[in-house]
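I have placed the structure first, in the form of structure tokens, so that the comments after it can refer back to it.
The values are calculated or read from the model by the stated rules, or taken from the named source; none is laboratory data. Since the model is a prediction, treat every value here as computed from it, not as a measurement. Cβ placement follows ideal geometry from the backbone for every residue including glycine, while neighbour counts extend to all protein chains displayed.
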């Protein structure tokens, strides 16, 4: 199985399965000298951990990260950083009764057709459980970019089913189990999820992440466009079905005079483009939206086929999220950080000594 690595200079290779002994990542390309301890990574991992509220999967994993290599006396050495998180609360027996049936909406059927057999325990390599390793790797990028250039990334739930959410108080997103950025809407989300649980159903969501303090110049004008690589990274998240940058699909109804972000000596007048122009960062806030499908593991009976192609009914029991978007914020943030870290190092390598006569209008003078 190939395709487990993302990045060119800052590369992240993940390994592990949902019900295997452990998950992990190998991070290459991190510059030496960064102060790094396991607690720096654990904070991000805690944000996506299961079993922390009544509204997500009740799989109770401690998700304690270990740094196995690449750090000596509290600093990165420049060598590969090995990260590992052990699985402690697998319940593979939950899948015994459906091991010969393909769950609709899952990768069961496609894995079977590609590899000839599959790990039916929670989806194996296709499980969202593996994103714990991605989040751990993203935490390294978060620390480096924050300390070296002052870049920060934050996110929130911007839609759950029919409920649209505005970032009234973005910081509040980290103070509630929904990553809701509006204190007045939390009760509404709670009631919606409880009704979903009673029905045994699930719902989709949209997550928004923003990077602030992004320097202008990251990305390339052709195939390594920053927006193209962000879309590639975000679509690598389990359950992701669409990615938007800036105004996204809304640009289809905008006029050119409305959409263009006019420049002034004091900065841009708007940010419809979402912080990218021609595949290169403009220095404005980089805004990304990711739409995630409803969880396919639900208790509503449905039809499928078995290994021999016979029609059978299926009900998925076990511990599953009624809305995967509720734990996707740290995952989307991690992907955004990994792409920005990779492009920052690539830009530094090629254009680190470039001096432009034009002032950076996105920074205070």
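Points worth noting:
- One residue stands out among those in segment 239-271 that are in contact (Cβ under 8 Å) with a residue 40 or more places away in the chain and more than 30 Å from residue 106 (Cβ to Cβ): the one that is surrounded by the most Cβ atoms within 10 Å (Cβ to Cβ), which is 246.
- Looking across segment 87-128, the residues that are in a helix (DSSP H, G or I), at pLDDT 85 or above and under 24 Å from the mean Cα position of the chain (by Cα) come down to 108, 110, 111.
- Strands (runs of 3 or more DSSP E) within segment 272-365 that include 1 or more residues more than 18 Å from residue 99 (Cα to Cα) and touching a residue at least 12 places away in the same chain (Cβ under 8 Å): 286-292
- Taking the criterion of being part of a loop (DSSP other than H, G, I, E, B) and over 18 Å from residue 340 (Cα atoms), the residues of segment 204-262 that qualify are 204, 238, 239, 247, 254, 255, 260, 261, 262.
- Listed by first and then second residue, the pairs with beta-carbon distance under 8 Å, at least 6 apart or on different chains, first residue in segment 97-118 and over 19 Å from residue 303 (Cβ atoms), second at pLDDT below 85 and assigned to a loop (DSSP other than H, G, I, E, B), are 111/118; 111/119; 115/1.
- Subset of segment 2-23 that is on the phi > 0 side of the Ramachandran plot and in contact (Cβ under 8 Å) with a residue 40 or more places away in the chain - its residue that is farthest from the chain's Cα centre (by Cα): 16
- In segment 177-231, the residue that is surrounded by the most Cβ atoms within 10 Å (Cβ to Cβ) out of those that are free of Cβ contacts under 8 Å to residues at least 40 places away in the same chain and under 27 Å from residue 271 (Cβ atoms) is 180.
- Search result, residues across segment 14-50 that are crowded, with 16+ Cβ neighbours inside 10 Å and assigned to a loop (DSSP other than H, G, I, E, B): 17, 18, 19, 20, 29, 30, 34, 36, 49, 50
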